[in-house]
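> Below is one structure. I have some questions about it.
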Amino acid sequence: MTIVADSVEQPVHPKRVAQDSPVRRFARAFIEDRLAVAGLAIFLLIALLAILAPWITPQNPYDLAQLDIMDGGLAPGEASFSGMTYWLGTDPQGRDMLSAIVYGLRISLVVATVSLLCAIAIGIVAGMTAAYFGGRIDSIIMRIVDLQLSFPAILIALILLALLGRGVDKVILALIIVQWAYYARTVRASAIVEIRKDYMDAARCLALSHRRIMFRHLLPNCVPPLIVVGTVQIAQAIALEATLSFLGVGVPITEPSLGLLIANGYDYLLSGRYWVSVFPGIALVVTIVAINLMGDRMRDVLNPRLQK
Amino acid sequence: MTLRTTTLAAAILAVSAHGAAAQELTIGLSSEPTSMDPQFHNLATNTQVRLNIFESLIAQDPLQGLEPSLATKWEALDDTTWRYSLREGVEFHDGTPFTARDVIYSVCRIPLVENSPSSFSIYTQSVTDMRAEDDHTLIIETNGPNPLLPVESSTWAILSADASGAEDTVTFTEDGCEGMGTLPASNDFNSPDVAAGTGPYMLDEFTRGSQIVLTRNEDYWGEAPDWERIVMRPITSAGPRVAALLSGDVDMIESPPIQDLPRLEDANFKVVDSLSNRIIYLHMYHQDHDAPGIEGTNGENPLLDAKVREAISLAINREAIVERIMGGYAEPAGELLPPPMFGTSGRAVDAYDPERAQALLAEAGYEDGFKIVLGTPNDRYINDEQVAQAVAQMLTRIGIETEVDASTASQFFSRRNDQEFPIYMAGWGAASGEMSSPLKSLVASYDPDAGLGVTNPGRYSNPELDSILKEAMVTIDDDKRSQLLQKAESIALDEHGIIPLHYERTAWAMKPGLDYEPRVDQYTLAFEVKDVSDEAQD
């Protein structure tokens with residue numbers, strides 16, 4: 001990823017900025033779609049909320065000493081005996097739903113981002129190694145990828161977590177394991193195309209090290225498809241984490257993420273305490289839709305075939 | 001298919017064609033029996049279905065008191081000899097008469113059932129001899145004084161020796177009986193021909209995962225049940241079970257989720273509930289200083305200190321748990337079995353006193369508290385995961401920082417038995433309905449060969465308690481035994497070797513016009529469901 005940053009910050013001639021900076025060009029194309037901009041704005045807002053969670057929420061929902069079951073099951077807008085008003089109600093444990101949702105978003109984003117970065121890193125190394133060296137190494141790596149992609153991601157993650165137990169770190173590990181194959185395959189496909197180009201022959205003639213060729217010359221040209229797959233995958237990672245927690249194998253029950261909050265409230269839907277399930281559900285949907293709107297637009301902009 | 005079942009099927013078709021809906025009762029069960037063999041699996045789910053078809057010598061009433069069933073009278077002739085007088089004129093579903101031979105055959109088969117996941121043989125172990133004085137008088141000898149023999153004989157399902165393929169004479173010997181013929185396999189009981197008991201209903205159909213159909217035994221010796229036909233459908237998820245009742249797919253459901261009860265009552269459904277024999281408790285690791293999952297104590301195990309255990313008990317606001325988490329469908333517990341059941345002392349519930357709890361922690365040298373992991377199942381007891389979190393809240397508030405480790409029942413029980421938790425929450429239902437059951441399993445010193453302390457993975461141990469309990473187990477006199485059991489229980493509770501939380505209440509929900517007397521053993525007995533609607537008169 002540092003490589004991408006390098007190419008972004010390359011000093012360019014001031015006069016040619018408007019025409020040539022790929023980032024500027026990308027940004028201009030991106031903002032043409034108002035929905036995508038809205039998605040970006042919502043995503044930034046959510047990210048900001050998640051980062052600032054400890055300072056803006058009325059309660060730390062993960063600190064058991066701050067919870068009191070006597071405040072459990074309050075409806076949205078109701079106040080407790082202690083005088084605190086719970087704008088989105090409380091769950092049966094007396095957890096403020098507003099605080100719980102913000103902290104839940106935090107877990108969702110952290111889990112998705114960390115697992116995404118690690119999976120991309122592994123995917124890049126595996127995919128480029130396969131493409132660059134070809135032959136037997138390529139077959140071995142790609143058969144592992146094929147094998148893994150032939151199982152549904154949720155199934156692999158469920159089995160892993162059943163073995164590993166609960167915990168945020170374990171969920172991240174499981175998500176890395178189920179996601180790296182997508183990136184490996186994407187990187188390999190674009191790298192194979194690039195390798196046939198002249199500049200690669202030139203680099204090889206200079207007798208540069210394999211590592212230098214792969215990471216300084218080949219990788220920057222394989223990045224656009226990665227960004228597209230990454231934005232789609234980050235939404236999927238959030239959904240997958242929520243699913244795993246909903247099924248009771250994800251995060252610990254005293255530190256609920258959005259999926260676990262929804263699962264907890266599910267038991268109370270018939271009895272009319274809708275807020276325990278519905279509000280975290282809305283938060284989850286909004287987050288995923290916002291990211292998907294951004295991802296769709298990025299795919300359109302970065303796809304050379306769709307460019308005018 | 002035999003001629004009999006064909007005619008039966010035709011008869012049922014005819015009945016349903018006439019739309020006799022009031023004569024059929026459909027029940028939504030929360031779990032499905034693992035077999036129709038009444039001696040296969042010692043599991044409440046199986047027992048509540050088998051009691052419709054197969055009876056025992058003695059039955060348990062809704063409060064788990066003993067009442068005559070196939071035996072009209074039983075008495076201890078001396079410390080180790082019992083005489084059972086059997087009911088005369090009773091016929092099995094296949095038309096053969098019920099005699100002492102059937103009882104001997106049934107008891108003999110119990111230890112011979114193959115692949116039983118949990119055998120009923122724990123209830124026949126003490127029997128050393130059985131002989132028939134005549135067709136309707138049975139003498140049973142035990143290997144020592146066994147005051148629980150009548151209770152134990154209420155778990156023996158009585159099979160028809162003829163339908164099972166026994167020889168004309170069945171003789172009890174300690175190492176396998178004679179004249180047993182070819183034993184029916186457990187799967188054979190899925191067929192109504194083998195599943196011949198004396199009960200108020202006969203098995204008509206058992207389709208795994210779908211339904212169990214029973215038809216009324218018109219020659220039943222006792223009071224005829226209200227329904228001609230019973231259909232039991234396993235609906236394991238609580239939500240869909242409630243939905244099935246609301247939509248009229250089933251007439252009655254067991255264990256509706258307590259948070260849905262107000263809504264069911266608003267919709268005019270009838271809800272009955274009673275205290276169950278199930279205690280929810282906390283158990284702690286007592287074995288040594290090498291406790292798992294405890295931090296911040298310099299390698300010591302604070303749970304070895306009775307003051308710390310008392311602090312834990314005083315930190316818990318049982319009233320709040322009952323009211324907020326259990327929706328009132330529980331009762332704060334001070335004992336291992338709800339009073340006034342046999343062997344309870346009426347001891348007061350530990351009061352909620354967080355200040356005193358903190359003082360006790362300080363006295364024990366833990367004024368800064370410590371960290372601990374609380375294990376709990378998340379799908380076994382009513383709102384178990386929520387209760388454990390509430391307990392964690394309360395312990396954290398007095399300084400014991402508690403992390404909840406929740407897992408599904410199967411995982412939880414194996415991890416618990418591997419001693420992975422320093423403290424865990426679980427439940428115990430006393431099948432015998434008296435105090436020796438929780439004492440023997442939960443607080444007696446670990447001795448699996450003697451069947452003691454088998455559910456005591458924390459290895460709590462008190463020699464005085466052990467000796468009093470052992471004395472109680474061979475005392476035939478009820479009053480004296482009750483005294484001994486109370487004394488043993490008090491020892492465990494005085495030093496907080498186990499911490500009772502609450503007794504669950506069990507609820508049943510049904511459409512208007514039905515009635516069911518709630519039972520402490522949590523069984524849903526179809527033949528006890530009454531039709532109290534006006535249509536019942538026609």
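The values are calculated or read from the model by the stated rules, or taken from the named source; none is laboratory data. Just so we're clear, the structure is a prediction, and the values are computed from it rather than from any experiment. We place every Cβ from the backbone using ideal geometry, glycine too, and count neighbours over all the protein chains shown. For the accessible areas, the whole protein counts, side chains as well, though only heavy atoms, and no ligand, DNA or RNA atoms are used. Shrake-Rupley method; radii C 1.70, N 1.55, O 1.52, S 1.80 Å.
> If amide hydrogens are placed 1.01 Å from N in the peptide plane, which non-local residues have theirs closer than 5 Å to the one on B:Ile27?
Here B:Val231, B:Met232, B:Arg233, B:Asp251 satisfy the definition.
> Given the options B:Gly343, B:Leu25, B:Thr396, identify the residue whose Cα lies farthest towards the positive end of the charge dipole of the protein assembly as shown (+1 on Cβ of Lys, Arg; -1 on Cβ of Asp, Glu).
Towards the positive end, the residue furthest out is B:Thr396.
> Quick check: the angle from helix B:306-315's long axis to the longest principal axis of chain B, C-alpha only, nearest 10 degrees?
Once rounded, the angle reads 70 degrees.
> Do any residues of the range B:374-412 lose at least 30 Å² of accessible area when the full set of protein chains is present rather than just their chain alone, and if so which, with a 1.4 Å probe?
For the range B:374-412, once contacts with the other chains are taken into account, B:Glu385, B:Gln386, B:Gln389, B:Gln393, B:Thr396, B:Arg397, B:Val404, B:Ala406 lose 30 Å² or more.
> Give me the percent of accessible area attributable to carbon and sulfur for chain B, probe 1.4 angstrom.
On the way: 9840 of 21230 Å².
Here carbon and sulfur together make up 46 percent of the probe-accessible area.
> How many Cβ atoms of partner chains, on average, are near each residue of B:505-512 if near means within 10 Å of its Cβ? Before the final figure, lay out the partial values.
Details: counts 0, 0, 0, 0, 0, 0, 0, 0.
Counting Cβ atoms of other protein chains within 10 Å of each residue's Cβ and averaging gives 0.
> Rounded to the nearest 20 Debye, what is the dipole magnitude of chain B about its Cα centre when Lys and Arg each give +1 and Asp and Glu each give -1 at the C-beta?
Numbers: 37 positive and 87 negative charges, 188 e Å.
For this selection, approximately 900 debye.
> Now a separate question. Measuring from a point 7 Å past the Cα of B:Glu295 along Cα-to-C-beta, which residues in the range B:337-370 have an amide N at less than 19 Å?
Within reach of a label on B:Glu295, which here means backbone N under 19 Å from a point 7 Å along Cα→Cβ, the range B:337-370 contributes B:366-370.
> Related question: Ranked by accessible surface with a 1.4 Å probe, highest first, in what order do A:Arg95, A:Arg143 come?
Working: A:Arg95 0, A:Arg143 135 Å².
Greatest to least solvent exposure: A:Arg143, A:Arg95.
> Also, I was wondering about something else. For the range A:154-169, what does the Karplus curve 6.51 cos²θ - 1.76 cosθ + 1.60, with θ = phi - 60°, yield as ³J(HN,Hα) per residue in whole Hz, taken in order and with x for Gly and Pro?
Ordered by residue, 3J(HN,Hα) equals 5, 5, 4, 4, 4, 5, 4, 6, 4, 7, 7, x, 7, x, 4, 4 Hz.
> What is the magnitude of the charge dipole of the range B:157-199 about its Cα centre, with +1 placed on the Cβ of each Lys and Arg, -1 on the Cβ of each Asp and Glu, and no other charges, expressed in debye to the nearest 20?
Rounded to the nearest 20 debye, it is 200 debye.
> Here's a follow-up. Given 10 °C and 1.306 mPa s, compute D for the range B:275-505 with the Stokes-Einstein relation, Rh being the Kirkwood radius over Cα pairs; round to the nearest whole µm²/s. Display every interim value, and only then the final one.
On the way: Rh = 17.6 Å.
Estimated via Stokes-Einstein, D reaches 90 µm²/s.
> Let me ask another. Mind checking which lysines have their C-alpha under 29 Å from B:Lys73, skipping anything on the same chain fewer than 8 residues away?
B:Lys440, B:Lys470, B:Lys480, B:Lys530
> HN-Hα J couplings of the range B:29-39 from phi, Karplus 6.51/-1.76/1.60, θ = phi - 60°, integer Hz, Gly and Pro as x?
8, 7, 8, 9, x, 7, 6, 8, 6, x, 10
> Nearest-5 percent of antiparallel DSSP beta bridges in the range B:275-505?
Numbers: 19 of 30 bridges.
Bridges in the range B:275-505 that DSSP calls antiparallel: roughly 65 percent.
> Give me the residues in the range A:243-257 whose solvent-accessible area, probe 1.4 Å, is reduced by at least 30 Å² once all protein chains are included instead of the chain isolated.
Output list: A:Ile253, A:Thr254.
> Return the residues of the range B:257-276 for which accessible area with all protein chains present is lower than in the chain on its own by 20 Å² or more; set the probe to 1.4 Å and exclude ligands, DNA and RNA.
With the partner chains in place, the range B:257-276 has these residues losing at least 20 Å²: B:Gln259, B:Asp260, B:Arg263.
> Next up: What average count of beta carbons from other chains do you get within 10 Å of the Cβ of residues in A:60-66?
Working: counts 0, 0, 0, 3, 13, 10, 3.
Mean number of neighbouring Cβ atoms from other chains: 4.
> Working out 0.36 nm times the residue gap between B:Asp353 and B:Thr128, then minus their Cα-Cα distance, what length gain in nm do you get to one decimal? If you can, show how the numbers build up before the last one.
On the way: separation 225, 0.36 × 225 = 81.00 nm, distance 5.19 nm.
The B:Asp353-B:Thr128 span can extend by a further 75.8 nm.
> Can you return the lysines within cross-link range of A:Lys197? Criterion is Cα-Cα under 28 Å, with same-chain partners fewer than 8 residues away left out.
A:Lys308
> Once each part is reduced to its C-alpha centroid, what is the distance from the range B:318-368 to the range B:182-241 in angstrom?
If you average the Cα positions of each part, the centres end up 42 Å apart.
> Follow-up question, since we're still on this one. Give, rounded to the nearest 20 debye, the magnitude of the charge dipole that the range B:275-505 has about its Cα centre when Lys and Arg contribute +1 at Cβ and Asp and Glu contribute -1 at Cβ.
Working: 19 positive and 37 negative charges, 109 e Å.
Using only the charged Cβ atoms, the result is roughly 520 debye.
> Rank A:Cys222, A:Cys118 by accessible area, highest first, at a 1.4 Å probe radius? Display every interim value, and only then the final one.
On the way: A:Cys222 0, A:Cys118 50 Å².
In descending accessible area the options line up as A:Cys118, A:Cys222.
> Keeping all protein chains in place, calculate the accessible area per residue for the protein assembly as shown (probe 1.4 angstrom), answer in Å². Before the final figure, lay out the partial values.
Working: 36630 Å² over 846 residues.
Heavy-atom SASA per residue in the protein assembly as shown reads 43 Å².
> Using a 1.4 Å probe on protein heavy atoms only, how many Å² of accessible area do A and B hide from each other, summed over both chains and rounded to 100?
Details: alone 16460 and 22220 Å², together 36630 Å².
It comes to approximately 2100 Å² buried between A and B.
> Rounded to a whole number, what % of the accessible area of chain A do carbon and sulfur atoms account for, probe 1.4 Å? Each step should come with its number before you reach the end.
Working: 10100 of 15400 Å².
For chain A, the apolar C and S fraction of the accessible surface comes to 66 percent.
> Can you work out the FRET efficiency for the pair B:Leu112 and A:Arg34, with r the C-beta to C-beta distance and R0 = 60 Å, to the nearest 0.05? Each step should come with its number before you reach the end.
Numbers: r = 77 Å, r/R0 = 1.28.
With R0 = 60 Å, the Cβ-Cβ based efficiency is 0.20.
> By how many degrees, between 0 and 90 and to the nearest 10, does the Cα long axis of helix B:478-494 differ from the longest principal axis of chain B?
It is inclined by approximately 40 degrees.
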